[in-house]
1. Regarding Leu83, is this residue exposed (fewer than 10 other Cβ atoms within 10 Å of the Cβ), in a helix (DSSP H, G or I) and at pLDDT 65 or above?
2. Cβ-Cβ below 8 Å, separation at least six or inter-chain, first residue in the range 48-69 and free of Cβ contacts under 8 Å to residues at least 60 places away in the same chain, second exposed (fewer than 10 other Cβ atoms within 10 Å of the Cβ) and in a helix (DSSP H, G or I): which pairs?
Amino acid sequence: MPPPSSKPPRFIPTLTEVIGAGEPERAVPEAAKESSRTRKAVAARPQVSDELVDRVLRRLQPTLEAQLRESVTNLVQEHASMLELLLSKEIEQQVRQTVAQVLRQELRSAR
């Protein structure tokens, strides 16, 4: 690990605008305003939103389960491949050491 440098990095991020707590809506992005409006509208109709959420989830569940299954399968395969490589290297190293040790013993006993 190299020693820490006493020189600062060449490019340092700089604060270019200060937004005070007293400034109104200007700091809120348009997407956040829309999201807030949507949440307020849904909160005003809790029965409709619960029913809608249930219907949407029932429709999405098979698709989400398939995507989750595929993602988990891919992750397991990747990890298994990595584990296979690590194990084969470890086994090869152990076999080499054992063979070398046995050869040394045979050479000593032959003398």
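1. When the stated conditions are applied, Leu83 does not pass them.
2. Ser49/Ala43
The values are calculated or read from the model by the stated rules, or taken from the named source; none is laboratory data. Because the structure is a prediction, the values reported are computed rather than measured. All Cβ positions, even for glycine, are placed from backbone atoms using ideal geometry, and neighbour counts span all protein chains on display.
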